[in-house]
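Below you'll find the structure, written out as structure tokens, and then a few comments.
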Ligand SMILES: CCCCCCCCCCCCC[C@H](O)CC(=O)SCCNC(=O)CCNC(=O)[C@H](O)C(C)(C)COP(=O)(O)OP(=O)(O)OC[C@H]1O[C@@H](n2cnc3c(N)ncnc32)[C@H](O)[C@@H]1OP(=O)(O)O
């Protein structure tokens, strides 16, 4: 365990930036990183409507996250791997259950658990220096942090199979082409600026509606159509019990800008 925190959270108005700060190990996911990451997102969940968006980024400029910490991984047996996988999935669940959108800003490598962490965010923005891959089969393992679940949803089953079986990396341009990255910016500064601009735009919308949309999208994706439809009907109807729905429709009819509260 490092003595220093490996996860830092900074705020700029209603937007929080969560930084994974282990640059010497290319921000590899150790137990400490996962535990601090989970605590950071628990704290963000307490911010309520004061939080309008999160940027998740890796420190150092060479990697977002270069995967699970292979030194820790190499010491695991089957039971330890199951515990590691559960720890990873519990961490991811906090990102997906956060009402505010989370943008993974990938500058450098996003490999293995690092790509899986990025896939658990709402969408991925990349710098031109980004490289993505699930190289687990090169280590004699398979993705254990949701990659077999989320990569097919992002790029389709056939491409996910090709990337997982080959373990090959894709660059930023290919990642955007196959739907893995939503945007590519020339460098880190432009990447972070683009993420902030998107979160500022989303921040002008109803926080309660955005949170409901995220919950339905996360819960419904991958479920049978009949169940997914019921989840959407439930979310749609819950929106009509919010102050934001009254404010949004009244503002439109009065031809004025809505003042959303997120309630
Ligand atoms: C209950 C137990 C809890 C344990 C918790 C563990 C975390 C759990 C996470 C959830 C489960 C994740 C499941 C996931 O699907 C499995 C994986 O992610 S497997 C790992 C996948 N990643 C990789 O295979 C990438 C490995 N790295 C590389 O290929 C190369 O480093 C690179 C990214 C191509 C860069 O190459 P170079 O530019 O040559 O740089 P170096 O290789 O010299 O690296 C610099 C420095 O960083 C160290 N490092 C890099 N990657 C890792 C890593 N993944 N783990 C640990 N350390 C890493 C590298 O060793 C160098 O260090 P130095 O030698 O300088 O000390």
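The values are calculated or read from the model by the stated rules, or taken from the named source; none is laboratory data. Please read these numbers as outputs of a predicted model, since none were measured by experiment. Glycine also receives a Cβ, built like all others from the backbone with ideal geometry; neighbour counts cover every protein chain displayed.
Looking only at the stretch 173-191, how many residues end up being in a helix (DSSP H, G or I), in contact (Cβ under 8 Å) with a residue 60 or more places away in the chain and either within 18 Å of residue 132 (Cβ to Cβ) or not assigned by TED's automatic domain parsing to the domain that holds residue 157 (or both)?
Selection size over the stretch 173-191: 2.
What about residue 133, is it buried (at least 21 other Cβ atoms within 10 Å of the Cβ) and either within 11 Å of the ligand (Cβ to nearest atom) or without any contact (Cβ under 8 Å) to a residue 24 or more places away in the chain (or both)?
Spelling it out, residue 133 is indeed buried (at least 21 other Cβ atoms within 10 Å of the Cβ) and either within 11 Å of the ligand (Cβ to nearest atom) or without any contact (Cβ under 8 Å) to a residue 24 or more places away in the chain (or both).
Of all residues being in contact with a helix residue (DSSP H, G or I) (Cβ under 9 Å, 6 or more places away or on another chain) and at positive phi in the stretch 135-184, which is modelled with the lowest pLDDT? Just the residue, please.
Going through the qualifying residues, I end up with 146.
For the stretch 58-74, which residues satisfy the criterion of being more than 22 Å from residue 148 (Cα to Cα), modelled with pLDDT of 95 or more and surrounded by fewer than 23 Cβ atoms within 10 Å (Cβ to Cβ)?
59, 62, 71
Looking at (1) surrounded by fewer than 22 Cβ atoms within 10 Å (Cβ to Cβ); (2) within 26 Å of residue 207 (Cβ to Cβ), which is the only condition residue 85 fails?
The number of the failed condition is (2).
Filter the stretch 1-48 down to the residues that are away from the ligand (no atom under 16 Å from the Cβ) and assigned to a helix (DSSP H, G or I), then identify the one that is surrounded by the fewest Cβ atoms within 10 Å (Cβ to Cβ).
Ranking the qualifying residues of the stretch 1-48, first place goes to 42.
In the stretch 205-233, which residue that is touching a residue at least 24 places away in the same chain (Cβ under 8 Å) and in a loop (DSSP other than H, G, I, E, B) is surrounded by the most Cβ atoms within 10 Å (Cβ to Cβ)?
206
How about the stretch 192-201: which of its residues are touching a residue at least 60 places away in the same chain (Cβ under 8 Å) and either surrounded by fewer than 16 Cβ atoms within 10 Å (Cβ to Cβ) or on the phi > 0 side of the Ramachandran plot (or both)?
200, the sole residue that qualifies.
Just checking, does the stretch 235-242 include any residue being within 16 Å of the ligand (Cβ to nearest atom), free of Cβ contacts under 8 Å to residues at least 60 places away in the same chain and touching a helix residue (DSSP H, G or I) at 6+ places or on another chain (Cβ under 9 Å)?
Looking for residues that are within 16 Å of the ligand (Cβ to nearest atom), free of Cβ contacts under 8 Å to residues at least 60 places away in the same chain and touching a helix residue (DSSP H, G or I) at 6+ places or on another chain (Cβ under 9 Å), one finds none in the stretch 235-242, hence no.
State the number of residues belonging to the stretch 61-108 that are within 10 Å of the ligand (Cβ to nearest atom) and not in a helix (DSSP H, G or I).
The total comes to 10.
For (1) at pLDDT 95 or above; (2) within 17 Å of residue 63 (Cβ to Cβ), each residue gets a yes or a no:
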| site | (1), (2) |
| --- | --- |
| 83 | no, no |
| 88 | no, no |
| 92 | no, no |
| 100 | yes, no |
| 107 | yes, yes |
| 111 | yes, yes |
| 116 | yes, yes |
| 119 | yes, yes |
| 123 | yes, no |
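Output the number of the condition that residue 144 fails; it satisfies all remaining conditions of (1) within 15 Å of the ligand (Cβ to nearest atom); (2) in contact (Cβ under 8 Å) with a residue 60 or more places away in the chain; (3) surrounded by fewer than 16 Cβ atoms within 10 Å (Cβ to Cβ).
(3)
Could you tell me whether residue 114 is near the ligand (Cβ under 8 Å from one of its atoms), assigned to a loop (DSSP other than H, G, I, E, B) and crowded, with 19+ Cβ neighbours inside 10 Å?
So residue 114 fails the test.
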